[in-house]
Amino acid sequence: MISPLWQERIGAGAVLGIGLVLVREGYSMPLGRLASFGPGLFPLMLGGLLVVFSVPLYLAAGAHSATQSPPLPLRTMFFVSLGMLAFATLIRSYGLVPATVALVVLGSMGGAGFRPLSVILLAAGLSLAGVAIFIWGLGLALVPWRF
């Protein structure tokens, strides 16, 4: 078994590696100008941030106390992933509002305290915000609902 110190250092190295790959790929595409970004600017900036953040991650490895790490929140990971999958599946078939409601309800089931009234209000608010921003504001070709 790998010690927690080396697990954190390997994780920081992975962040560094992904950042370097993004920087390399960003430089292989046109960067554009500040007024009109090219396709390579975003990967270059994101990769640069990952490289910069990997250094403190590596240096902070093992700095915390040697207490037992908490178990993985498998239930939360399952329901949030299921909610994203439901959103991706339902958005084209049923529209933005039902997909958003499914995302919120399934994602909320992963938490410790499931309060139905809060979930209903959150789903309604996010659905309204999604319709207002993406359909009315940006004019995207999405339908609010389709039954």
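Worth pointing out:
- For the stretch 1-45, taking the residues that are among the small types (G, A, S) and in contact (Cβ under 8 Å) with a residue 40 or more places away in the chain, the one that is surrounded by the most Cβ atoms within 10 Å (Cβ to Cβ) is identified as A12.
- Boolean, L34 is out of contact with any His (no Cβ under 9 Å at 6 or more places or on another chain), more than 30 Å from A129 (Cβ to Cβ), part of a helix (DSSP H, G or I) and among the hydrophobic types (A, V, I, L, M, F, W, C): no
- Residues that are within 30 Å of A112 (Cβ to Cβ) and of a type in the set (K, R) are absent from the stretch 5-18 altogether.
- Among the residues of the stretch 55-94, those that are among the small types (G, A, S) and at pLDDT 95 or above comprise S81, G83, A86, A88.
The values are calculated or read from the model by the stated rules, or taken from the named source; none is laboratory data. Not measured: the values here are computed from a predicted model. Positions of Cβ are generated from backbone atoms using ideal geometry, with glycine treated the same way; all protein chains shown enter the neighbour counts.
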